Amino acid sequence: MQAAPQDIVQLALHLKLSLSDAELADLNTRLQQDIQQRGGAFMRAPARY
């Protein structure tokens with residue numbers, strides 16, 4: 001599944017308005033760790049419909 005750019009912008013805005021700076025930093029750390037563990041595979045996966 002792919003996300004539309006406008007959906008990503010809306011999600012980012014929601015997170016920025018909803019989370020503290022510390023929570024955003026923690027989320028970023030966890031996302032970076034997940035990307036490294038997966039080898040970035042989900043970023044390259046083809047869309048499936």
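Brief remarks on what is shown
- Dipole magnitude (debye, nearest 20) for the stretch 5-44, charges at Cβ of Lys, Arg, Asp, Glu: 200 debye
- Distance in nm between pseudo-label sites at L13 and R30 (7 Å out along the Cβ direction from Cα): 2.4 nm
- Cα gyration tensor category, rounded, prolate or oblate, for the stretch 5-44 with a/c compared to 1.5: oblate
Computed from the coordinates by the stated procedures, all read-outs in this text should not be read as laboratory data. Remember, it's a predicted structure, so these values are computed and weren't measured experimentally. Cβ atoms come from the backbone with ideal geometry, glycine included; neighbour counts cover every protein chain shown.
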